[in-house]
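Peer 1: Handing you a structure now.
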Amino acid sequence: MIDRATIDKIMDATNIVDVVGEFVTLRKAGVNYKGLCPFHDDTTPSFMVSPSKQICKCFACGEGGTAINFLMKHEQITYPEALRWLARKYNIEIQEKELTDEEKQQQSDRESMFIVNEWARTYFQDILKNDPDGIAIGKQYFRSRGIRDDIVEKFCLGFALPKRDALAQAALKAGYQAEFLVKTGLCFERSDKKSSDSEDQQDTSLTSHLSPLTSHLSPLTSHLSPLTSNLIDRYAGRVIFPWLNVSGKVVAFGGRLLDARTKGVQQKYVNSPDSEIYHKDHELYGLFQAKKAIAKEDRVYMVEGYTDVIAMHQSGIENVVANSGTALSVYQIKLLRRFTQNITLLYDGDEAGIHAAMRGTDMLLAEGMNIKVLLLPDGDDPDSFAKKHSAQELKDYIEKNQMDFITFKTRLTVENVTDPVKRSEAISGIVKSISVIPDQILRSTYLSELSQRMGIKEQTLLNSMNGMIRKDLEEKEKEREREAERTATKPAADTSVLSTLTPDSEVEEMIIKSIIRDGEKVIFEHVEMDDGSFIDLTVAQYVNYDLGQDNIHFHHELYNQILEEAVAHSGEPDFKAETYFMHHPDVNISSLAARLAIDTHQLGKSFQLKEREGGLRQHVLHLVLDLRMDIVEKRLKELKAEMRQVGSDMERIKALMEEFKETQELRNALAQQLGNDLVG
């Protein structure tokens, strides 16, 4: 557990602009910052970050809160994990008690998987740096590829020992559970030690494929020690490329066979399988190392492989990522769009590179990305090309030779095509690509350019494009209808505490808002108590005292807890309710406090002045009277309904009428206090 003092220290050090800026490109907007919301498909910056209040909010989807709330939502981590993330960022030491076996058992699978992956990253790096085999085989491999030691360190590269259960045994010995070694994909299980899957068969021939470099290591290559468990290392004998997500957490690994072993082998790389913490179409290799450069340059270069990313970093170009052989996905594009809308596809000039560039353009255009394409000379990939040129030469070459997607597709599919049918199909393909662009002006610009290039009337192209757009909209509408039908047959999903936190009365929420904002402020001075003593009453104490006279409680227990804690801390000289509740260890309370603070501070000035008219004391008194009025009005409705259903029981009718009269008188008295003119 992290104690309150440490939490306060972490939150005091936290700058929400820095935290959100790790994931979202922010630009100054008056006293605040704005960016594209990471929680929904945002096309115009609607995500606001307030450095003065240390809160953020999306004015489209409503997500927001403190830095803690943001991290929990964005990274899908727990409250303690978010605190540890901030502690690491701001170099704050956390002293925690040793977890019991029962507490360890209760740790989520997700957190355990991250912990195991982090250990594995350190393990692979340590093998590469300090183990004789790691130095002789792994480090030598990276050096043979021209990768400097500082780049090896930057990308956390490592090496897995050839022994088929080396990592498994080390992990088990260190106390990590076999369950999470399998769930992360670091290991796989086999029930029969004499049999193995295809991947195992591919790698158990290790001793016959090792390069001459390792021939002198006879104990290693002549005999593999017998397995002592049914866990098999997935990456044995491979150099390791860890995958870090956008926040720097290790989510997966890629392992490459050494060059001497790749002859005749179809699968040079083995990657982590999909898991609870890793989906290959959601991540981009190198994004963590590249995100600051991407935001600074306002452009990202997309390449295909690990070594392409690494080679370009080594050449001085850092705004580069890879999708590592998988088809580009919408998730990956949205991830990039947080940092820039400008992308250059940088691929080999061979048939595979051309195909990779073609298949991604329409999806990128549909997500509002501005695309340029550069196919490198035949025989070169970004890795080899970067090694032949300095950083400036590489930048100059890219700038000179990259082309917009219209030029690229035209050259590729239309030029030198004389068959009218094929030429028409190719032009329609380009029009189809233009049709998915969300920006109408940009669509028109591209269409005009295509018209001039092809010598076709712009109106003809426009008619064709509009037909494509209509057809696409019709298809999407049909899909929405089908999805609605499917959803209608499914049971409703469970929702969180906050999502179901609908106040019984808006007044309840307004009272809690006042307690969170001003709970520690004194609104009554020198009040005489029943025992003759005098005290000052804060907002929280007055609300608690007034409602306590009639044993009134809030409809939601969370509200009662906030009031109780505000009263308990009101006497402390340094207590500030807003800071206390926004930093609260109960994420439901901290999220609620952040939401109410955001709503208040983002309202128009005229509303704020009206709300606080007459001073804080008058405002709180009015709210408490409003709450009492709500309770009385609700009781009057209940009495009316009961009188209609009571039947011929005259005694009961008489009692109900008397209560109704008394309640009505109370309602009128409250109305008079509130300055209203209610009758009947």
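The values are calculated or read from the model by the stated rules, or taken from the named source; none is laboratory data. Here the structure is a predicted model, which is why all the values come from computation and not from measurement. Every residue, glycine as well, gets a Cβ built from its backbone with ideal geometry; the counts of neighbours run over all protein chains shown. Only protein heavy atoms, including side chains, enter the accessible area calculation; ligands, DNA and RNA are left aside. Shrake-Rupley method; radii C 1.70, N 1.55, O 1.52, S 1.80 Å.
Peer 1: Convert each backbone phi in segment 557-571 into a coupling constant with the Karplus relation 6.51 cos²θ - 1.76 cosθ + 1.60 (shift: θ = phi - 60°), then list the ³J(HN,Hα) values in order as whole Hz, x for Gly and Pro.
Peer 2: Per residue, the Karplus-derived 3J(HN,Hα) values read 4, 4, 5, 4, 5, 4, 4, 4, 6, 5, 5, 4, 9, 4, x Hz.
Peer 1: Can you list residues from other chains, or at least 5 along the same chain, whose modelled amide H is less than 5 Å from the amide H of Thr538?
Peer 2: Ile523
Peer 1: How large is the convex hull of the C-alpha atoms of segment 328-383 per residue, in Å³?
Peer 2: About 74 Å³ per residue, rounded to a whole number.
Peer 1: In terms of the Cα gyration tensor, with a ≥ b ≥ c the square roots of its eigenvalues, is segment 1-89 rounded because a/c is under 1.5, prolate because a/b exceeds b/c, or oblate?
Peer 2: Note, shape of segment 1-89 comes out prolate.
Peer 1: How much net charge surrounds Lys388 when only the other residues with a Cβ under 13 Å from the Cβ of Lys388 are counted, with Lys and Arg +1 and Asp and Glu -1?
Peer 2: -3
Peer 1: List, in the order given, every pair from Lys334/Lys513; Lys89/Lys163; Lys422/Lys478; Lys268/Lys409; Lys89/Lys129 whose Cα-Cα distance in the structure shown is over 29 Å.
Peer 2: Lys334/Lys513; Lys89/Lys163; Lys422/Lys478; Lys268/Lys409
Peer 1: Each residue of segment 402-416 in turn: what ³J(HN,Hα) in whole Hz from Karplus with 6.51, -1.76, 1.60 and θ = phi - 60°, glycine and Pro shown as x?
Peer 2: Working through the residues one at a time gives 5, 9, 6, 5, 5, 4, 4, 5, 5, 4, 7, 10, 10, 4, 6 Hz.
Peer 1: Assuming R0 = 56 Å, what is the FRET efficiency of Asp350 and Lys521, from their Cβ-Cβ distance, to the nearest 0.05?
Peer 2: Rounded to the nearest 0.05, the efficiency is 0.20.
Peer 1: Can you give the local net charge around Gly35? Use residues other than it whose beta-carbon is closer than 11 angstrom to its beta-carbon, Lys and Arg +1, Asp and Glu -1.
Peer 2: For residues surrounding Gly35, the net value is +4.
Peer 1: If the reach is capped at under 23 angstrom between alpha carbons, list the lysines near Lys654, excluding any in the same chain fewer than eight residues apart.
Peer 2: Reachable lysines: Lys634, Lys637, Lys640.
Peer 1: Now for a different question. Roll a 1.4 Å probe over the protein heavy atoms and report the accessible area of Lys249 in Å², nearest 10.
Peer 2: Approximately 40 Å² for this residue.
Peer 1: Take the Cα of Lys476, step 7 Å along the line toward its Cβ, and report every residue of segment 422-438 whose backbone nitrogen sits under 17 Å from that point.
Peer 2: Residues 432-438 fall inside that zone.
Peer 1: Give me the three principal axis extents of segment 285-367 from the C-alpha atoms, as integers in angstrom, largest value leading.
Peer 2: Sorted from largest, the Cα extents of segment 285-367 read 29, 26, 16 Å.
Peer 1: Also: How large a share of the accessible area of segment 248-406, in percent, is made up of carbon and sulfur atoms when the probe is 1.4 Å and the other protein chains stay in place?
Peer 2: 47
Peer 1: Using alpha carbons only, how many angstrom separate the centre of segment 396-459 from the centre of segment 2-71?
Peer 2: Centre-to-centre distance over Cα atoms comes out at 40 Å.
Peer 1: Also: Structure shown: which of Lys372/Lys400; Lys292/Lys400; Lys73/Lys183; Lys432/Lys476 lie over 20 Å apart, alpha-carbon to alpha-carbon?
Peer 2: Lys292/Lys400; Lys73/Lys183
Peer 1: Rounded, prolate or oblate for segment 324-427? Axes are the square roots of the Cα gyration tensor eigenvalues, ordered a ≥ b ≥ c, and the cut-off for rounded is a/c under 1.5.
Peer 2: Note, shape of segment 324-427 comes out oblate.
Peer 1: On the full set of protein chains, 1.4 Å probe, figure out the accessible area of His389 and give it in Å² to the nearest 10.
Peer 2: 60
Peer 1: Which log10 I(q)/I(0) values, to two decimals, does segment 435-487 give at q = 0.17, 0.30, 0.31 Å⁻¹ under the Debye formula with one point per Cα?
Peer 2: -0.60, -1.11, -1.14
Peer 1: Under 12 Å from the Cβ of Ala357, count the other residues' Cβ atoms, weight Lys and Arg +1, Asp and Glu -1, and hand me the total.
Peer 2: -1
Peer 1: For segment 1-60, what is the relative contact order in percent, using Cα pairs closer than 8 Å and at least 6 residues apart in sequence?
Peer 2: Computed over segment 1-60, the figure is 26 percent.
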